[in-house]
Amino acid sequence: MYRSKRCLIVGLLFTLAAAPVAAPAIADDDLDHELARQALSEGRIRPLTEILETLKAEFPGQILGVELEAKGVKSFIYEFKVLTPDGKLKEVKVDAATSKILTIQDDD
């Protein structure tokens, strides 16, 4: 049940990324979702489409999934699952405000 909900949310995120004014979604908590919407509308975080462009330019691979995590009221992190060209699954965390890659870890 949880996995299907996560897949639905990830699909929704990619759909929203194609919209002209995309608002990222948070998988589990409506309050976090509203905080993310507010942060996006206030320009405190960047839209997913912009983050994706930066990530693709800096880290090669196929993006398999994405989540937006609230780290407190004012901080958000995009978490990507990326399949690298050599077949390794990586978890890449990106600062939602700056588009900077924070960490790259194996995701076994």
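List the strands (runs of 3 or more DSSP E) inside region 49-108, counting only whole elements, that have at least 1 residues being under 19 Å from Glu34 (Cα atoms) and touching a residue at least 12 places away in the same chain (Cβ under 8 Å).
Here the list reads 62-70, 76-83, 89-95.
Identify all residues within region 81-94 that are of a type outside the set (D, E, K, R) and either on the phi > 0 side of the Ramachandran plot or in contact with a Gly (Cβ under 7 Å, 6 or more places away or on another chain) (or both); write none if there are none.
If the condition is that a residue be of a type outside the set (D, E, K, R) and either on the phi > 0 side of the Ramachandran plot or in contact with a Gly (Cβ under 7 Å, 6 or more places away or on another chain) (or both), then Val82, Leu83, Thr84, Pro85, Gly87 are the ones that fit.
Matching residues to (1) surrounded by fewer than 16 Cβ atoms within 10 Å (Cβ to Cβ); (2) at positive phi; (3) not hydrophobic (A, V, I, L, M, F, W, C):
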| position | (1), (2), (3) |
| --- | --- |
| Lys56 | yes, no, yes |
| Phe59 | no, no, no |
| Glu69 | no, no, yes |
| Ser75 | yes, no, yes |
| Glu79 | no, no, yes |
| Ala96 | no, no, no |
| Ser99 | no, yes, yes |
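Take Ile26 and tell me if it is within 14 Å of the chain's Cα centre (by Cα) and either surrounded by fewer than 18 Cβ atoms within 10 Å (Cβ to Cβ) or modelled with pLDDT of 90 or more (or both).
No.
Give me the residue from region 39-48 that is aliphatic (A, V, I, L, M) and free of Cβ contacts under 8 Å to residues at least 40 places away in the same chain and, out of that set, nearest to Gln105 (Cα to Cα).
Ranking the candidates gives Leu48 first.
Are any residues in region 81-94 among the hydrophobic types (A, V, I, L, M, F, W, C) and surrounded by 17 or more Cβ atoms within 10 Å (Cβ to Cβ), and if so, which ones?
Passing the criteria: Val82, Val92, Val94.
Would you please name the residue that is surrounded by the most Cβ atoms within 10 Å (Cβ to Cβ), looking only at residues in region 41-54 that are within 11 Å of Ser99 (Cα to Cα) and charged (D, E, K, R)?
The qualifying residue surrounded by the most Cβ atoms within 10 Å (Cβ to Cβ) is Arg46.
The values are calculated or read from the model by the stated rules, or taken from the named source; none is laboratory data. Keep in mind the model is a prediction, meaning the values are calculated, not measured. Cβ: placed from backbone, ideal geometry, glycine included. Neighbour counts: every protein chain shown.
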